[in-house]
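Below: one structure, written as structure tokens.
Values in this text are rule-based calculations from the coordinates and carry no lab data. Just so you know, these numbers come straight off a predicted model, no measurement behind them. Cβ: placed from backbone, ideal geometry, glycine included. Neighbour counts: every protein chain shown.
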């Protein structure tokens, strides 16, 4: 059926209704034909631009850019509509290059075109479009949990200062946070803690009260006191963090810095290291200086030197230490994935945390290994294509799932 428009409804309003129905997958074949007829008319490029400008903008600007791009590419590549576009001479340049979201269009254009050429029009296509465009690289996202239990989204706060009793949390221009104090002497005995939590697809940088800088990877949690006393500096880490520990002394003696990760206790004797502690698996990679590792329930201790990596073996309650190139453990901090003879499952677990996806295995991949480096901000299809060069696996993207096959 055709849209029955009131006599006083403008063509712009009618086209807007039809485009929204098209976007929601509700257009009948007759309505598609009506859209084709309108697009044949010489005024269609200007009308179409105005319709896009007036679409409901409930999403963020970035998400809206993806959605507008998807609608346009869908129309351009749908066999029932493409002839009308060709006959009127509408080009990508005529419609798109005057838009403020041109940068987002350029970033996703190849993925959009590839998707629409191989997708069917009916059924679940609209859902698949929105889900595929949701698979984007992670970014600077985190919550901070205050002592009273309040949770503040650090990505969304507009003010640059979170004022608390005796101190303030300052958000810098690059998004990182650090602490300033009004009454430090009160905090020294108050035992107040904060916790920064990154979700899947998130990362964040925190400068602790002593000046130590911590980079948190996706799906991680760092709990720490808002003021360190003079005897010890102790924090708790779940997930992955890269630490640059500030030196601190009191009365001529070094103040220890401790990181608790599950059963492992790390005491800093140097400055720079990476800890990966997802679940019971804890891997510590030392970049500079020295650290001492110990366990809760045993007297097992080991001192790491620069370029040492220790893997905690929970069953044996001991550490497996070997020399490594720290690059592969720390590249994430500088915006890259870097693997050396890593199992495909380890690779996909890392990717899943960053892109916030689920991975389904339809084949055994235990013997497959991957070595390579690629940007953490690459489109996921290109990232998976690189892994496929091992010729041991093949990937299929279905919504927010990546299926691993032979």
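If packing is taken as the average number of other Cβ atoms within 10 Å across a peptide's residues, how do 196-208, 255-267 rank, most packed first? Present the calculation step by step, with values, prior to reporting the outcome.
Details: 196-208: 20.8, 255-267: 19.2.
Ranking the peptides 196-208, 255-267 by packing returns 196-208, 255-267.
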- Task: Wrap a convex hull around the Cα atoms of the range 230-333, take a quarter of its surface area, and give that in square nanometres.
- Result: 6.4 nm²
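For the range 335-405, go through all pairs of different Cα atoms, get the mean of 1/r, take its inverse, and jot down that Kirkwood value in Å. Spell out each step's value before the answer.
Working: mean 1/r = 0.0828 Å⁻¹.
One over the average 1/r among Cα pairs gives 12.1 Å for the range 335-405.
Taking a ≥ b ≥ c as the square roots of the eigenvalues of the Cα gyration tensor of the range 187-241, is the shape rounded (a/c under 1.5), prolate (a/b larger than b/c) or oblate?
Details: a/c = 2.65, a/b = 2.17, b/c = 1.22.
Prolate.
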